[in-house]
Each structure stands twice: as structure tokens, then as C-alpha cells.
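Chemist: Quick one: the structure is below, and I'll ask about it shortly.
The values are calculated or read from the model by the stated rules, or taken from the named source; none is laboratory data. Here the structure is a predicted model, which means the values were calculated and not measured. Please note: Cβ atoms are built from the backbone with ideal geometry, for glycine as well, and neighbour counts cover all protein chains shown.
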Amino acid sequence: MSWIRIAMLGLIPVLVMAAAGSALADPLTSERQEALRNLLVQDCGSCHGLTLRGGLGPALLPADLIGKPPAYLQATILYGRPGTPMPPWRPFLSDADSAWLVETLQRGLNP
């Protein structure tokens, strides 16, 4: 197991607590949700495929995310994956944004 993966796993409890509090304390407006949906289709879709079935990056369909803790997925979104093309989105997204993205991906993005 690489040191990055070990470090990410060590962050999961901290991120779970932060994300849970943030998502509940800062509900997203419908306008923000629409902007995030566009980000999923356009920006995430440019690497993960416009239908999120995979491309340069892995597929992001609900079946592909089973067993992956939400905090791990949020950390991947916010901090990227060093050594891969996955960039950190922290400069552009809040904890509440990343929580919404993860919930939407796990539920399935309905265009």
C-alpha cells in the first residue's frame, strides 16, 4: 500500500466529520447545484467520459463507487490524486460542494 493511500485512509475520519458538519451547515442553493451538475458533465466528464462511464479517468457510475467511503471520494475530489491526472478541486469547491458531488455520483447523475 503506497504512502499516499495510507495517508488518505488516515484522513477519512477527519474528513467525515468535517464534511458531515459542513454539508449540514451550508445547504446548497439550486443555482449552486446546477453549477455543480454542469461541472460534473463538462469538467469531470472531460476525463471520466461525458456519460461518466470512464475515459482517461475511471468510471463514476453508482456501481463503480460501491464500497468507496464518501470521505475518501470527497478527499479525491478536493485534493486530487498525486501522480495521476486527477487535479485538486479544493481551490474551487467547498466541503459542502464535494459532499453534494459525492451524493449525486453515488445516487446517479440524471441529466
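Chemist: Taking Pro88, is it of a type outside the set (A, V, I, L, M) and surrounded by 14 or more Cβ atoms within 10 Å (Cβ to Cβ)?
Modeler: Taking the combined requirement at face value, the residue satisfies it.
Chemist: Pairs needed: first member in segment 70-89, over 14 Å from Leu101 (Cβ atoms); second member anywhere, modelled with pLDDT under 95 and in a helix (DSSP H, G or I); C-beta distance under 9 Å; at least 6 residues apart or different chains.
Modeler: Note: pairs meeting the criteria are Arg81/Ile4; Arg81/Met8; Pro82/Ile4; Gly83/Ile4.
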